[in-house]
1. So Thr230 clears everything in (1) at pLDDT 95 or above; (2) in contact with a Leu (Cβ under 7 Å, 6 or more places away or on another chain); (3) over 23 Å from Leu83 (Cβ atoms) except one condition, right? Which one?
2. In segment 244-282, what residues are closer than 19 Å to Ile206 by Cβ and either touching a Leu at 6+ places or on another chain (Cβ under 6 Å) or of a type in the set (A, V, I, L, M, F, W, C) (or both)?
3. From the list Ile29, Ile82, pick out the single residue that is modelled with pLDDT of 95 or more and part of a helix (DSSP H, G or I).
4. Does segment 264-274 contain at least one residue that is crowded, with 19+ Cβ neighbours inside 10 Å, touching a helix residue (DSSP H, G or I) at 6+ places or on another chain (Cβ under 8 Å) and more than 14 Å from Met317 (Cβ to Cβ)?
5. Of these, Thr230, Thr134, Thr191, which one is in contact (Cβ under 8 Å) with a residue 24 or more places away in the chain, hydroxyl-bearing (Ser, Thr, Tyr) and surrounded by fewer than 21 Cβ atoms within 10 Å (Cβ to Cβ)?
6. For Val247, work out the one condition from (1) within 18 Å of Ile588 (Cβ to Cβ); (2) open to solvent by less than 20 Å² (accessible area, probe 1.4 Å) it doesn't fulfil.
7. Within segment 474-489, does at least one residue satisfy the condition of being charged (D, E, K, R) and free of Cβ contacts under 8 Å to residues at least 60 places away in the same chain?
8. Among the listed residues Leu83, Leu111, which satisfies the condition of being out of contact with any helix residue (DSSP H, G or I) (no Cβ under 7 Å at 6 or more places or on another chain) and of a type outside the set (S, T, N, Q)?
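The values are calculated or read from the model by the stated rules, or taken from the named source; none is laboratory data. These numbers were taken from a predicted model, which means no experiment stands behind them. Virtual Cβ from ideal backbone geometry, glycine too; neighbours counted across all protein chains shown. In case anyone asks, the SASA skips ligands and DNA or RNA and just uses the protein heavy atoms, side chains included. Shrake-Rupley method; radii C 1.70, N 1.55, O 1.52, S 1.80 Å.
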Amino acid sequence: MNLKQACLAGSALLCATQLAAAQNFNQVIGFGDSTVDTGWYNGASSGPHSTGVASVDASIAASLAAGGNAHPTGPGLGNAQILAGFFGLPVNSASTPGGTNFAIGNAVDYLVPPGYVPHTSTGNQYPNPLLPGTATQIGNYLASVNGRADPNAIYLLTSGANDSAAALSTFGPNSSAAIAYLLGEAQALSTSVAGLQAAGARTIIISNYYPGPSDNPAISAYEKTIQSATWSGLAAAGVRFIPADTVSAFAAVERDPAAFGITHDPHATGPGAYACLPAIGSGLTSGYGVTCAPSTTPSTTHGYLQSADATQTYLFMDGAHLTEAGQQIEADYFYNLLVAPSEISYLAETAIQTTFQTITGIQQQIDLAQRLRQSGWNVWVNGGLSYLKLDNSSAGFPGDPGFPLSGSLGVDYKWRNGWLAGAALTAGYVNPTFSLGGGYKQDSVALSLYTAYRNANWWGDLTGTAAWLGYDTNRTVPIGITTQVNTGSTNGDDLSLAWEFGYDFHAGAATLGPVAGLILQQARIGGFTESGSFTSLAFGSQVRNSEVGVLGYQARLDWERWHPFMQMAWDHEFDPLDRMVTASLTTIAAPSYSLPAVVLGRDWATATVGTQLTLTSAWSGLASCTAQLGQDHATVFGGLIGLNYALGEIAAPRVSRN
């Protein structure tokens with residue numbers, strides 16, 4: 001923004017409005033296989049909600065009658081439901097009225113390979129030909145919304161593991177035919193996701209595929225092939241998605257299961273290794289989550305739990321699906337990917353707010369020096385303590401309260417013709433905390449140059465500030481019952497130019513009049529990479545522009561040595577507030593992703609009350625309190641005290657004009 005544009009913006013203060021690009025989720029929509037499915041086969045009997053295998057349908061029905069939920073992951077909530085719960089949203093299966101989860105257990109990306117045994121189907125390992133694959137699920141969703149995807153939804157997708165199993169079963173390991181099939185599946189899925197984005201989807205999480213402990217290296221190799229091809233295809237198609245490395249997340253869990261409350265060996269296989277036991281007489285070595293009831297009572301018709309706490313102490317429900325404890329870990333990991341960019345965006349917002357406070361302190365100091373001195377040198381010092389709380393404009397996102405502390409040392413000179421010029425050095429510190437735990441430290445050093453002019457009625461001042469910023473971050477992430485700690489550090493700067501002017505009306509000992517101004521800022525925060533856990537991320541650099549117009553009224557009373565004052569102003573932010581923060585995984589090579597930064601309110605009032613105090617012919621003091629009122633998602637108030645020592649002529653007492 002150049003100076004001409006800034007002036008035009010200031011002149012349009014009362015008539016300009018712009019829309020903020022807030023991130024506000026209103027639903028969660030799922031696609032994929034059993035790792036996302038939240039009960040597609042609930043009431044399995046016929047039509048598109050039947051597996052097509054009578055014995056499986058009967059076992060699902062029996063488990064439902066015993067209190068089960070037909071989740072492939074067994075009793076309890078699935079990761080999609082837990083993730084949605086963070087934002088106060090439901091996500092039931094699309095097989096139920098009002099459901100938004102289209103994921104189906106045993107789904108493949110698009111087609112099972114020709115000759116697949118024992119079942120053949122268009123998009124599922126079960127034989128029911130009405131069961132769609134993941135790509136078709138996306139098409140079905142778009143058809144249900146007339147081709148217009150909800151831009152404010154979270155789209156959660158996991159698919160590909162079943163394709164890998166089908167490829168191994170059909171072609172065997174290390175097969176070129178299997179690779180060709182998997183690359184075709186990846187292309188079909190990538191094309192469908194690209195269509196989803198083109199229809200309006202903005203927030204798409206795509207997980208890689210976690211192989212259960214019973215999977216062999218051949219399946220794992222095929223899973224890596226299709227996952228890599230899918231992510232590469234999406235990137236090539238320009239799809240902006242959030243890559244989720246659940247493979248690394250659960251590798252960390254398996255390295256130290258006890259830390260996550262998992263007391264049974266997650267690497268175990270065979271009878272009794274998993275949370276769900278098979279129906280008596282079934283001949284199976286393990287139960288399956290989709291047929292498992294929330295009961296420890298043995299049954300001949302459905303699966304049942306090893307123990308009452310099995311969904312929390314086992315990692316796997318069966319040989320491929322996570323228990324509720326595992327689902328919680330996975331959902332927490334997804335949530336971290338969604339909210340981390342917003343948390344880190346606070347670094348730039350804190351810089352903007354603390355520079356506002358520096359400018360306010362200098363402007364109050366200018367007013368004191370102009371009113372109480374005729375001419376000469378003036379040395380001053382002030383200190384401020386504030387409360388600053390920012391939070392996201394969307395439910396489910398963490399906030400960051402803190403207490404900014406600053407101190408300034410300045411010197412200026414006033415000429416008898418009404419002009420004043422000076423410089424100030426300001427040091428500041430603030431240590432906001434994230435509501436999820438942890439926080440960050442901001443250290444700052446700022447150099448300000450200022451000038452001002454005042455005659456009997458008109459006055460104005462101009463302040464330019466360059467601030468150097470240092471940050472240490474400590475972002476903690478709740479994952480299951482654990483807290484993962486991620487640390488990092490970076491630097492930044494904040495350049496600002498603040499201008500204000502006003503006109504004074506005099507009435508006896510009182511002075512009052514309008515005030516207007518414009519504050520331009522640009523805060524730049526360098527990119528950095530966290531370290532500490534599988535939840536660590538790398539963040540790109542940030543630029544936060546701010547153009548705030550100010551329009552208000554102020555009053556002052558001269559009463560012997562005391563000079564109390566007050567000011568009420570309306571502030572409006574002209575910046576588009578549509579910036580994004582970019583993040584990247586540190587555990588695996590994957591495309592970066594970008595999500596909206598925190599969005600604060602555009603309009604607020606600023607109220608200031610205080611007093612200047614003439615102590616001696618050379619010494620004077622200043623004390624004030626300032627609060628920002630009515631700004632959405634921001635709470636700011638604080639106090640300032642200052643002391644001046646001047647050499648030169650004292651201002652003559654103002655004679656009443658009454």
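1. Against the list (1) at pLDDT 95 or above; (2) in contact with a Leu (Cβ under 7 Å, 6 or more places away or on another chain); (3) over 23 Å from Leu83 (Cβ atoms), Thr230 comes up short only on (3).
2. Ala244, Asp245, Val247, Ala249, Phe250, Ala251, listed by residue number.
3. Ile82
4. Scanning segment 264-274 turns up no residue that is crowded, with 19+ Cβ neighbours inside 10 Å, touching a helix residue (DSSP H, G or I) at 6+ places or on another chain (Cβ under 8 Å) and more than 14 Å from Met317 (Cβ to Cβ).
5. Thr191
6. It fails just one condition, (2).
7. No, segment 474-489 has no match at all.
8. Sole residue among the options that is out of contact with any helix residue (DSSP H, G or I) (no Cβ under 7 Å at 6 or more places or on another chain) and of a type outside the set (S, T, N, Q): Leu111.
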